[in-house]
Amino acid sequence: MDRDQELRSAAYALLAFSARAGIEFIFTNLGSDHPAFIEAFAEMQKRGETAPRIVVCPHEMTALSAAHGYAMVTRRPQLVLVHVDVGTQNLGGSVHNAARGRVPAIVIAGLSPVTDGGDRVGTRNEFIHYIQDMPRQHDIVSPYMKWCYELRAPESVGPVMARAIQISTAPPEGPVYITGAREVWDGKTQDVSESLREWPASRLGGLAPGEVSELYQALIAAKRPLVITSYLGRQPRAVDLLVEISDRIGVGVCEVSPGYLNFPGGHAHHLGYRRNSFVDEADLILMLDVDVPWIYSKVQPRSDTRLFHIDIDPLKTGLGYWHFPAQRVHQADTLATLEQLAAMTENNPPGRSSRTDWIAAARQRTQPVARVREGTVITPEELTEAVGELINDRTVVVFEAPTCTELIPTALRLNRTGSYFNSGGAGLGWGINACIGIKFAKPDSEVIALVGDGCFMFGVPSSAYWVANAYRTPFLTIVYNNGGWNAPKHSTLGVHPDGSARQNDSFWVTVGAGARFADIAAAAGNAEPFRVSVREELKETLRRALQVVRDGRSAVVDVAIQRISSQVLG
Ligand SMILES: Cc1ncc(C[n+]2csc(CCOP(=O)(O)OP(=O)(O)O)c2C)c(N)n1
Ligand SMILES: [Mg+2]
């Protein structure tokens, strides 16, 4: 031990080490467990020391979703600091999203002080320290975390943090959860001496040589080869390689619930975004980084179809019942595998083949059917087409509009890697908060959130727009306002197509109907509110709203589209 070195709190040591480790942000919602952190923030500020930037979030959904958005762009975990059990519970669906979306994040929560003797710094001195002392706080989130640990001694903070970063960033990436009692965060320790050079994340490689050549031979022997993918685009180079391979040997690519842009939408071999497409037609299916390649009750591959599954997480051990048939299942890095495959295809001159003929014919069938515009109400299709006119080289689209999940990428057909993101999970409310993190990661980008009216409210807009305003991360939000939650109605009709709910138009989904959504953002975050329900005013309104964002403030356009039900709640 270096006796001359000034001792600091564990919280201080954590922040200083995090900054050295390249962690740039701490998204936080503070509480009585955090005096050591608040004091460390102030001390570091006073001394001019480098610390992660503190972003205070009125709601925890904002904190982890912003860290999620940031990690999707950078692949780097950020700190999310929340208050004991209750702050952990408020993280809500954002924990599911980080786990399902496989993004790195380090969530830290305090624990109530463990002593009441009064002689330790941080000891109990408030009544809530008794009622917040939950014996198994980790259990709240442990099913979603890659690792949970309690910091038990101040001097362990270095190895614990180094291990947290290592585990969180090792593929498949994911969130980790660290707790510590108030006395431990305020306990004294030396500077962290750990070097991340000695804690590298483990990496997965590609396939064994025999396995790549088996795949290559199968691909070039196939007449109707189909790739189905959702998240290979988290590594942008993998997108380029898949394009190269597809150009050389002719492989159709279908994106299902894409979390990232995985293949350019305008490419002649892109076979659309509709799940279940071509599954019963293809004679080879290559599942590449995908959770749900098709829905078993709707479609199945033919019995003689060759099925390969290559995935960073092919067994989905975080999920319960899950199975898709495959003759080969490889846990591998898709980028490394595509590099191997690209090397094998180097001498395949691009040209017409039975494969490319099939792809061209299949692609024809993915083009949206032009619909006659009836009445005066704006349709989701024409809204998305209008959004398409706003897009430029700097645009990043974040979409979370459940019953427009296929429509949005289909209508936009974006081409640039990193030009769209979706959570990869089902905890709604992610979108308007993820935009904050994406804007931090790419300050020059123009971020556009396309969200359902339900998703807008789930995202705690008072929190999201307050942060966007306070920390100057303006973005444009377009609310696909169909007067409620279409998805549960849709689910009900899928199970009971002619039931009482349909007959009575009673689905209890017209939640928020009539609410002035954009005004919430205006009141909380100085965003410019817009509402539009008339086709003729749509494009001009969107243009004006984008200009507001270009001038430095968020804007929210509440677009009234076809209503899903006329049931009045209350
Ligand atoms: C946190 C959370 N609560 C509830 C649900 C169930 N759910 C799935 S889609 C949906 C409706 C969302 O409404 P909206 O954003 O307006 O999209 P729409 O269905 O109208 O397209 C709901 C409530 C969920 N997925 N996540
Ligand atoms: Mg809706």
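So that you can scan it fast, the table gives a plain yes or no per residue for (1) touching a Gly at 6+ places or on another chain (Cβ under 8 Å); (2) over 24 Å from Val398 (Cα atoms):
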site	(1), (2)
Glu214	no, yes
Leu242	no, no
Ile249	no, yes
Gly252	no, yes
Ser257	yes, no
Taking region 394-405 and the residues there that are in a loop (DSSP other than H, G, I, E, B) and open to solvent by 40 Å² or more (accessible area, probe 1.4 Å), the one that is nearest to ligand 1 (Cβ to nearest atom) would be Thr405
Subset of region 149-163 (residues that are open to solvent by less than 30 Å² (accessible area, probe 1.4 Å) and in a strand (DSSP E or B)): Leu151
When you scan region 518-531, how many residues do you find that are open to solvent by less than 50 Å² (accessible area, probe 1.4 Å) and under 16 Å from Gly452 (Cβ atoms)? 2
Do we find that Gly418 is outside any strand (DSSP E or B), within 16 Å of ligand 2 (Cβ to nearest atom) and either out of contact with any helix residue (DSSP H, G or I) (no Cβ under 6 Å at 6 or more places or on another chain) or in contact (Cβ under 8 Å) with a residue 60 or more places away in the chain (or both) in this structure? no
Condition met for Phe41 (of a type outside the set (A, V, I, L, M), in contact (Cβ under 8 Å) with a residue 60 or more places away in the chain, assigned to a helix (DSSP H, G or I) and out of contact with any Lys or Arg (no Cβ under 6 Å at 6 or more places or on another chain)): no
Restricting to region 198-208, give me the number of residues that are more than 28 Å from the chain's Cα centre (by Cα) and either modelled with pLDDT under 95 or polar (S, T, N, Q) (or both). 1
For Glu385, state whether it is in a helix (DSSP H, G or I), within 16 Å of ligand 1 (Cβ to nearest atom) and either in contact with a helix residue (DSSP H, G or I) (Cβ under 9 Å, 6 or more places away or on another chain) or open to solvent by 40 Å² or more (accessible area, probe 1.4 Å) (or both). no
If only one of Ile408, Ile391 is within 16 Å of ligand 1 (Cβ to nearest atom) and modelled with pLDDT of 95 or more, which one is it? Ile408
Do the conditions hold for Thr115, that is, is it in a loop (DSSP other than H, G, I, E, B), in contact (Cβ under 8 Å) with a residue 24 or more places away in the chain and either in contact with a Ser or Thr (Cβ under 6 Å, 6 or more places away or on another chain) or open to solvent by less than 30 Å² (accessible area, probe 1.4 Å) (or both)? yes
For Gly514: the one exception among (1) at pLDDT 95 or above; (2) farther than 26 Å from Thr410 by Cβ; (3) over 22 Å from the mean Cα position of the chain (by Cα): (1)
Show the residue pairs that are 6+ apart or on different chains and have beta-carbon atoms under 9 Å apart, the first residue being within region 456-467 and at negative phi, the second being open to solvent by 60 Å² or more (accessible area, probe 1.4 Å) and small (Gly, Ala, Ser). Ser462/Ala523; Tyr465/Ala523
If you take just the helices (runs of 4 or more DSSP H) that sit entirely in region 457-551, which of them hold at least 1 residues that are touching a strand residue (DSSP E or B) at 6+ places or on another chain (Cβ under 6 Å) and away from ligand 2 (no atom under 16 Å from the Cβ)? 517-525, 535-550
For Tyr471, indicate whether it is in contact (Cβ under 8 Å) with a residue 12 or more places away in the chain, away from ligand 1 (no atom under 16 Å from the Cβ), open to solvent by 20 Å² or more (accessible area, probe 1.4 Å) and not charged (D, E, K, R). yes
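The values are calculated or read from the model by the stated rules, or taken from the named source; none is laboratory data. On a predicted model such as this, the values are computed, not experimentally measured, just so you know. So basically every Cβ, Gly included, is an ideal-geometry build from the backbone, and we count neighbours across all protein chains shown. With ligands, DNA and RNA removed, areas are computed over all heavy atoms of the protein, side chains included. Shrake-Rupley method; radii C 1.70, N 1.55, O 1.52, S 1.80 Å.
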